[in-house]
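Quick note: the coordinates plus some simple rules give every number you see, no bench work behind them. Note that the structure is a prediction, hence the values are computed from the model and not measured. Positions of Cβ are generated from backbone atoms using ideal geometry, with glycine treated the same way; all protein chains shown enter the neighbour counts.
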Amino acid sequence: MLNKLTFITAASSLALISASVFAAEDPIILPANDSVVAPQERAQFEVKLVAKVPTENFQITANNPSAVSVEQHLFYNGAQKEFYPFITSFRVKSTSAVYAKLTDATSNKLYALTPGGLETMDLSIRFNGVLVNDTKTEEVVTKTQAGLGNSFDLFIKPQGAGEAGLEYRGAVGIIFEASAV
């Protein structure tokens with residue numbers, strides 16, 4: 001039996017915020033002195049929350065929750081003609097070794113739409129220094145490392161510089177697994 005935790009940067013539900021601004025046609029507010037005042041501006045926010053208590057046997061949490069709930073921008077190094085990597089760390093605690101695999105073949109690519117079709121840029125994705133792919137589940141944290149509750153880095157780096165003027169987008173989906181004890 002496996003415990004599973006799915007991490008998807010583009011579709012995380014840690015906290016989604018929607019905002020709407022109401023116009024002056026909104027309901028009129030009557031103060032105590034009976035003069036009529038219409039609100040000039042108003043903002044309303046809704047925060048959707050999900051709270052899950054992990055088991056003692058298997059826990060993986062992002063040290064910086066916004067790293068998995070907000071779109072991340074990769075910055076370009078013009079001198080080196082390459083992108084800087086995206087690096088964020090996760091706290092891992094497990095009673096067994098932890099394994100990782102990409103959710104599918106699209107999780108290791110960025111895509112740009114061009115008049116001639118779709119341009120792609122491959123991504124190198126490593127967790128704790130181990131290359132993660134969509135074809136084979138890899139051990140990314142040993143049982144000894146996981147038992148201590150340490151932090152480990154997720155490293156994502158585009159391979160190549162891409163085509164000038166294009167904006168590439170994608171989502172990295174990773175499944176972490178630990179065998180039940």
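Under 30 Å of direct C-alpha separation, and excluding same-chain neighbours fewer than eight residues apart, Lys81 reaches these lysines: Lys101, Lys109, Lys157. Simple spin-label estimate for Glu82 and Lys157 gives 0.5 nm between the two label positions (7 Å along the Cα-to-Cβ direction from each Cα). Relative to the current alpha-carbon distance between Tyr111 and Arg42, full extension at 0.36 nm per residue lengthens the span by 21.0 nm.
Could you check the spin-label model distance between Leu131 and Val53? Points 7 Å from the Cα along Cα→Cβ, value in nm. If labels sit at Leu131 and Val53, their model points lie 4.2 nm apart.
In this structure, the amide hydrogen of Thr103, modeled 1.01 Å from its nitrogen in the peptide plane, lies closer than 5 angstrom to those of Gly173, Ile174, Ile175, counting only residues at least 5 positions away or on a different chain.
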